[in-house]
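First comes the structure, then the notes that go with it.
The values are calculated or read from the model by the stated rules, or taken from the named source; none is laboratory data. Remember, predicted model here, so these are calculated numbers, not experimental data. For neighbour counting, all protein chains shown are included, and Cβ atoms are generated from backbone atoms with ideal geometry for every residue, glycine included. Surface accessibility is based on the protein's heavy atoms, side chains included, excluding ligands, DNA and RNA. Shrake-Rupley method; radii C 1.70, N 1.55, O 1.52, S 1.80 Å.
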Amino acid sequence: MTMQAYFFDMDGTLFDSMPHHAQAWDEVTRRHGLSFTPQECYREEGRTGIDILQEIFRREQEKGNPTEIDTLGPDEQLAHIRAVYQEKSARFKELGPIMPVKGAYELLQYLHALPGTQIWIVTGSAQQSLFRQLDDAFPGIFTRERMITADDVRHGKPSPEPYLIAWQRTGLPKSDCCVIENAPLGVRSAKAAGLFTYAVNTGNLPVSALQQEGADCVVGNMAQLLQIISKTHTL
Ligand code: CA
């Protein structure tokens, strides 16, 4: 099983960004009379920010609680939700630099050195500074052409759409493509797309949370993953 294309999730897989995401969501949702706890943030990780906010507003409305969008028309509601998401993104940036996940660069360098191997980013994030951030942390690995972001999809993870788009762009059969994810919903998206999926448990989820979504291989860190993947390329 030698793969020719590797699809990397970004948050929690390449960058240790989840603590900042959790804090930014918590602060900004409170500011708007909503609630999205750090625990929920970890569980829902992988959805686009707009999807998450629509769900949070819907939840409050179902509970019968008044929200800021109740009296707005559909277009204005979406505009408001986008504005709240902008606030969350701005707060996330204020929280400071994000460190790469330990061992991620070593794995990427290993794959990059294999002739003909494609390395992709498939992320629910829409951060405009994404590419620069990736190139700073992992110089020489990624190209703008091989990135699927929130701007490229209609439905974010856990829909299979982001991974299906990446797969279609590779020009390869599905059996030559695989995914590296850290979150249950990301694994669900990848498996729904019909792709072999490695799960790296970089957070504090139980391993079962990743296995239950169908991950083909669950490891505890990037060094383990490099060991496993390098064996598949030397057989
Ligand atoms: Ca992730």
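Summary table
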{"quantity": "³J(HN,Hα) computed for each position of the stretch 56-70 - Karplus, 6.51 cos²θ - 1.76 cosθ + 1.60, integer Hz, glycine/proline x", "calculated": "5, 5, 4, 4, 5, 5, 5, 6, x, 7, x, 10, 5, 9, 4"}
{"quantity": "Cα Rg over Rh - the stretch 138-235, Kirkwood", "calculated": "0.96"}
{"quantity": "The chain - percent of accessible surface contributed by carbon and sulfur, probe 1.4 Å", "calculated": "50"}
{"quantity": "Relative contact order (%) - criterion: Cα under 8 Å, at least six apart; region: the stretch 18-94", "calculated": "38"}
{"quantity": "DSSP beta bridge pairing in the chain, given as percent antiparallel to the nearest 5", "calculated": "5"}
{"quantity": "For residue 217, residues with placed amide H under 5 Å, excluding near neighbours", "calculated": "197, 199"}
{"quantity": "Largest to smallest principal axis extent of the C-alpha atoms in the chain, angstrom", "calculated": "61, 34, 33"}
{"quantity": "Average accessible surface area per residue within the chain, 1.4 Å rolling probe, Å²", "calculated": "48"}
{"quantity": "Value of [θ]222 nm, deg cm²/dmol, for the chain, DSSP H segments ≥ 4, -39500 (n - 2.57) each, nearest 500", "calculated": "-14000 deg cm²/dmol"}
{"quantity": "Where trypsin sites (Lys or Arg not before Pro) in DSSP loops with at most 13 other Cβ within 10 Å are excluded, longest remaining stretch of the chain", "calculated": "155-235"}
{"quantity": "Stokes-Einstein translational diffusion, the stretch 18-94 - Kirkwood Rh over all Cα pairs, 0.692 mPa s, 37 °C, in µm²/s", "calculated": "261"}
{"quantity": "Cβ charges +1 (Lys, Arg) and -1 (Asp, Glu), total dipole of the chain, debye", "calculated": "420"}
{"quantity": "Convex hull of Cα atoms in the stretch 118-160, direction-averaged projection (nm²)", "calculated": "3.2"}
{"quantity": "Calculated from backbone phi, Karplus (6.51, -1.76, 1.60) coupling profile of the stretch 24-39 in Hz, x at Gly/Pro", "calculated": "4, 4, 4, 5, 6, 5, 4, 4, 9, x, 10, 9, 8, 6, x, 4"}
{"quantity": "√(5λ) per eigenvalue of the Cα gyration tensor, the stretch 75-167, largest first, Å", "calculated": "27, 18, 10"}
{"quantity": "Within straight-line cross-link reach of residue 102, lysines at Cα separation under 29 Å, skipping those fewer than 8 residues along the same chain", "calculated": "88, 93, 157, 174, 191, 231"}
